[in-house]
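Read the structure below first, then the notes.
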Amino acid sequence: MKKHHKRLIVFCCFLPVLSLILWFWFCLPDPLFQTAYSTTVYDRNGRLMGARVSRSGEWRFPQSTELPERYIICLIAYEDRFFYQHPGVNPVSIIRALRQNIKARKIVSGGSTITMQTIRMARGKRRNVFQKTIEMIMALRLELTNSKSDILLLYASHAPFGGNVMGIDAASWRYFGHSSVDLSWAEAALLAVLPNAPSAMHVRKNRPALLQKRNRLLTKLYQSGKMDEMTYQLAIDEPLPNEPYPLPQLAPHAVSNLQIERPGQRHVTTIDASLQIKVEHILNRWHNEFSHNKIQNIAAVVFDVEKGEVMAYCGNVNFGTRQAGTQVDIIRAPRSSGSILKPFLYQMMLQEGDILPETLVPDIPIMVQGFQPQNFNLRFDGAVPASLALSRSLNLPSVNMLRQYSVPKFLGDLRSMGFGTLNFPADHYGLTLILGGGEVNLWETSVAYLRMAQSVVFHDREQQRSDRFDWGQVPLFTEKDANQFNTGASWQTLEALIHVNRPEEIDWRSIPSMRKVAWKTGTSYGFRDAWAVGVTPEYVVGVWTGNASGEGRPGLTGTGTSALVMFDIFNLLGHTSWFEKPYDVFETAEVCGVSGHLAGRHCDNVEKIQILPAGFRTKACPYHTIVHLSEDERYRVFANCYPADRMVRKTWFVLPPIQEWFYRRRHPSYRTLPHLSPSCAGNQTARPMEFIYPNTHHPIRLSRQMDGSIGAIALELAHRQSNAIVYWHLNDTYLGSTQFFHRMSIIPEAGRHLITVVDEWGNTLPRWIDVR
């Protein structure tokens, strides 16, 4: 029984001691400072580009990793000269403070060490004897597991420096306009004395007293041998700062994005601040020019191809003004794509084996479900090589190519490339997808062009780069990207894009010093968005110009605005080279020199070129055929209507009638088929004519004119013989005849009608139309 009582007594005595030990060990919160920090953003070389206040409204930069030596010397000399000797509490200072307070009958000295002041700032409690005791205990605990350097960092990063400025880094930028690393002796001394009474004196309040405190500390340091006489005199003569400096405002939209996405952190980006300044200057200069036409917004982004890193990020111009739309980060804003997606369709069709680079594609009028696209120049070429259609950015060939490739397939490819803003189903976009019917942003567009470039650059090697940045790096180029962007197709696409006509009114290819750039522009419907993206093995530069409000302006085109800005930016960049041809991915093939298809058995102009293996799946030339002519080669004939021994056999390049009708206008050397011999009139095999409009069986909707009347339908026909006479019929009613230019206007009743045309040789072409 007595043993039991003794154990209970021992336990009861030990329990409070154990509790105190446990409380002592766990008394510090983790982290010590439960406070909000500012968002700070630095460039790749550690230069501050911008910051945003913390959610508590204070300028408090995230904790530093090191302190400048001058500041440490000043701080210890002013606040706690025995800092490196005591364990967190200095008994001598406490006794001296107690004696001074008793003598003065009020608190005139606290006797706190830097460690105790750090605890007080972390706790934020009212100052009294009890709280002072707690601070002393927690200071001892802090010293047990933290080095003196760590404690100095904690103090300096959270000390008040007047107003809403907290911490040495924020104070250095706000009061001196530079980093704490570059503090002079006078600046370091000022920051050492400021936290002593930040509410009583700072740079805009009680300046004479503040200057005296700073100079007393400098004198003390000089007398202790910390600086020589000249350094001391220069420090004493250095004036106090007058007003807080504004923080840097480089890449402000990137800074704001990080404030939203990851607030209260220190971010090191891949941006090069010196390049950023130059690019922003270029954008401001062009903004001054474009604003005369009420074009108010420009955005640009520059990527390093090798590293996959952002070098400059300009989300807009005039961020610091109240001008409408300037706060919008256009780089991330969805905008109508215009023609900027055409290279990706060309590339995908090459790597899928749907076309060869010079394959002729139709450039003729079309209307699909009310959609009637036009080329920018409002002309038609009949047929153009696919690469030329891309470099000239022709709309109708692109629509025909997309119809061949299929909208759902192309939309899936774009999403795989990273176009996350294309989130509607394929039937929502239809064929307009290739002409601006979908919305993309400058970031995703530039990254897609970056991937195209990387697929060639990293054809035979892996990408290497540093991981010391937390913003601005595109994910590493992987095997998935290589499958999406075939090396050979990418190279062929980039080769086609170097032939885009530049905005300068000169033949740029004749100037040896002009750098080689693959580039593409885009202009959205209504002149609302102007795009330009340029690519070299070293850089990708993307530019958007327009109004954030969506207001269109005459003259707002990709070539006339964004391309000018883009080439100005390229002139800032270092030397650029060109992409090496990946010979190992190509195979030699014979192609028709006229149609660009694989050579057919009747092609008489055969060339050997390098194509992708998938290109062998394309069809052979469908345009070259054998024709039999009369002895004088004036007429086409057949064996059943003309002596075989007098027939002349020739190879002939024959386009479909609609394509031919437009093609021969642009190509005077094109030869139309000779007339059929009168003796062979019943042997017509090739179609001599074709409807230009309507050329599909989709319903036709009649529109009303301004006066309320029903508008007419303009029928149009192409005939192989330019001087042919064509007779027009609507149902059983004769309408009239045409020659040379075959157009006929009608205003039919709603319903189904039969249009019939007959040429002078008796060839007939019917077409049903459904009028609504």
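The values are calculated or read from the model by the stated rules, or taken from the named source; none is laboratory data. Note that the structure is predicted; figures quoted are calculated from it, not measured. Backbone-built Cβ (ideal geometry, glycine too); neighbour counts: all protein chains shown. These area figures cover heavy atoms from the full protein model, side chains too; ligands, DNA and RNA do not enter into them. Shrake-Rupley method; radii C 1.70, N 1.55, O 1.52, S 1.80 Å.
Structure data summary
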| item | result |
| --- | --- |
| The range 750-755 - phi-based ³J(HN,Hα) in whole Hz, Karplus 6.51/-1.76/1.60, Gly and Pro as x | 5, x, 9, 9, 10, 9 |
| Accessible-area composition of the chain, carbon plus sulfur, in percent [1.4 Å probe] | 53 |
| Summed residue charge, Cβ within 10 Å of D363's Cβ, Lys/Arg positive, Asp/Glu negative | +2 |
| Antiparallel bridge percentage (DSSP; both residues within the chain; nearest 5) | 90 |
| Order by protection proxy (mean Cβ within 10 Å, highest first), peptides 402-413, 124-135 | 402-413, 124-135 |
| From phi via Karplus (6.51, -1.76, 1.60), per-residue ³J(HN,Hα) for the range 406-411 in Hz, x at Gly/Pro | 4, 5, x, 5, 5, 4 |
| Protection proxy ranking of 153-161, 530-538, 620-628 - average other beta-carbon atoms within 10 Å, highest first | 530-538, 153-161, 620-628 |
| For the range 226-239, Karplus couplings with θ = phi - 60° (6.51, -1.76, 1.60), whole Hz, Gly/Pro x | 7, 8, 7, 5, 5, 4, 4, 5, 5, 5, 5, 7, 6, x |
| Amide H contacts under 5 Å for T359, placed H, 5+ residues apart | A386, S387 |
| For the chain, calculated [θ]222 nm from helices alone, where every DSSP H run of n ≥ 4 adds -39500 (n - 2.57) | -10000 deg cm²/dmol |
| Relative contact order %, the range 711-760, counting alpha carbon pairs below 8 Å whose residues are six or more apart | 47 |
| Dimensionless Rg ratio for the range 108-221, taking C-alpha atoms and the 2.2 N^0.38 Å reference | 1.11 |
| Mean separation of Cα contacts under 8 Å (6+ apart) over length of the chain, as relative contact order % | 10 |
| Rounded if a/c under 1.5, otherwise prolate or oblate - the range 201-307, Cα gyration tensor axes | prolate |
| Filtered trypsin sites (Lys or Arg not before Pro), the range 440-472: DSSP coil and at most 11 other beta carbons within 10 Å | R461, R468 |
| Test item: Cα-centred dipole of the chain, Lys/Arg +1 and Asp/Glu -1 on Cβ, debye | 4360 |
| Rounded to the nearest 20 debye, dipole of the range 494-645 from Cβ charges on Lys, Arg, Asp, Glu | 420 |
| Per residue, in Å², the accessible surface of the range 386-465 once ligands and nucleic acids are set aside, probe 1.4 Å | 35 |
| Shape of the range 352-462, Cα gyration tensor, a/c cut at 1.5 | oblate |
| Residue-span extension gain [K608 to T764] - 0.36 nm each, minus C-alpha spacing | 52.0 nm |
| Amide H partners (placed H, <5 Å) of L715, local residues excluded | M744, S745, I746 |
| Angle between the chain longest axis and helix 2-26 axis [Cα atoms, degrees, rounded to 10] | 60 |
| Neighbour cut-off at most 12 other Cβ (10 Å), DSSP loop, chymotrypsin sites (Phe, Trp or Tyr not before Pro), the range 712-766 | F740, F741 |
| Cα-Cα over 31 Å, subset of K342/K608; K226/K278; K205/K278; K213/K278; K278/K409; K307/K342 | K226/K278; K205/K278; K213/K278; K278/K409 |
| In the range 54-92, the trypsin sites (Lys or Arg not before Pro) that fall in loop regions by DSSP, at most 14 other Cβ within 10 Å | R55, R81 |
| Diffusion constant of the chain at 10 °C, which comes from Stokes-Einstein with the Kirkwood Cα-pair radius and 1.306 mPa s, µm²/s | 49 |
| Net charge of neighbours whose Cβ lies under 13 Å from the Cβ of E58, counting Lys and Arg as +1 and Asp and Glu as -1 | +3 |
| Under 5 Å, built H, 5+ apart or other chain: amide partners of Y539 | V305 |
